[in-house]
Amino acid sequence: MKPRGWMLALAGLGAATAVAAQDLRSPSADQYVPRLGDIMSAAQTRHQKLWLAGKAQNWELSAYELHQLRANLVEAAVLYSGIPVSNVTTLEPSLQSLSDAIAAKDGRKFAKALGGLTEGCNACHRSMGRSFVVMKVPSDPQPFANQQFAPQAKP
Ligand code: HEC
């Protein structure tokens, strides 16, 4: 297919905005590789849902969101060889504390562990020239009005 004007314009735009991320891309991937920013956007969604679920004491959903978030972080490290593995492994204690807090249904421990994890997100952003991407432990009001976070009554 002959590239159309808008395609070139879009490609040009991409090149301009993605320059900084270029060295993070994995050139050997022959399948669809999600962009690192997309993996991170999914991580952001899960980070927020994890908090909302924990706040609502829905430990089953918290465990699920934590699992999804961890998968995002692993995916980022596996697909983007430019990310130092140590930047991901340093998050492990926070992820484990979250997992423990969820298992113990301990809201206080959960909140503390989420703070630690969030600091881990920012530490990696700082070390990779993305110090302007600053995550924080979410605050109200809820942005995800399209999902219920309180636990469902068991039938
Ligand atoms: C191992 C390093 C690393 C860790 C850990 C990490 N990030 Fe990122 N994150 C990055 C990099 C690198 C970028 C920039 C991607 C780009 O420029 O394409 C980024 C970008 C982002 C963005 C911006 C995406 C966009 O398109 O607007 C968000 C949001 C984000 N991260 C959230 C998180 C959250 C939440 C966590 C923790 C749960 C986290 N990140 C942990 C490396 C990391």
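The values are calculated or read from the model by the stated rules, or taken from the named source; none is laboratory data. Nothing here was measured: the structure is a model prediction, and the numbers come from that model. Glycine also receives a Cβ, built like all others from the backbone with ideal geometry; neighbour counts cover every protein chain displayed. Heavy atoms of the whole protein, side chains included, go into the accessibility calculation; ligands, DNA and RNA do not. Shrake-Rupley method; radii C 1.70, N 1.55, O 1.52, S 1.80 Å.
How many residues are more than 8 Å from the ligand (Cβ to nearest atom) and outside any helix (DSSP H, G or I) if we restrict to the range 33-81?
Counting residues in the range 33-81 that are more than 8 Å from the ligand (Cβ to nearest atom) and outside any helix (DSSP H, G or I) gives 6.
Can you tell me how many residues within the range 95-136 are near the ligand (Cβ under 9 Å from one of its atoms) and among the polar types (S, T, N, Q)?
Within the range 95-136, residues that are near the ligand (Cβ under 9 Å from one of its atoms) and among the polar types (S, T, N, Q) number 3.
In this structure, does Val88 turn out to be more than 8 Å from the ligand (Cβ to nearest atom) and at pLDDT below 95?
Values: more than 8 Å from the ligand (Cβ to nearest atom): no; at pLDDT below 95: yes.
The answer is no for Val88.
For the range 43-66, enumerate the residues that are acidic (Asp, Glu) and open to solvent by less than 40 Å² (accessible area, probe 1.4 Å).
Scanning the range 43-66 gives a single hit, Glu65.
Among residues belonging to the range 67-99 that are open to solvent by less than 70 Å² (accessible area, probe 1.4 Å) and free of Cβ contacts under 8 Å to residues at least 12 places away in the same chain, point out the one that is farthest from the chain's Cα centre (by Cα).
Ser86
Among the residues of the range 125-138, are any farther than 30 Å from Ala77 by Cβ, modelled with pLDDT under 90, part of a loop (DSSP other than H, G, I, E, B) and not basic (Lys, Arg)?
Taking the range 125-138 and keeping what is farther than 30 Å from Ala77 by Cβ, we get none.
No; the residues of the range 125-138 include none that is farther than 30 Å from Ala77 by Cβ, modelled with pLDDT under 90, part of a loop (DSSP other than H, G, I, E, B) and not basic (Lys, Arg).
Okay, residues lined up against (1) under 15 Å from Gly37 (Cα atoms); (2) touching a Ser or Thr at 6+ places or on another chain (Cβ under 8 Å); (3) hydrophobic (A, V, I, L, M, F, W, C):
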| position | (1), (2), (3) |
| --- | --- |
| His67 | no, no, no |
| Val74 | yes, no, yes |
| Val78 | yes, no, yes |
| Ala104 | no, no, yes |
| Gly116 | no, yes, no |
| Phe132 | yes, no, yes |
| Ser139 | no, no, no |
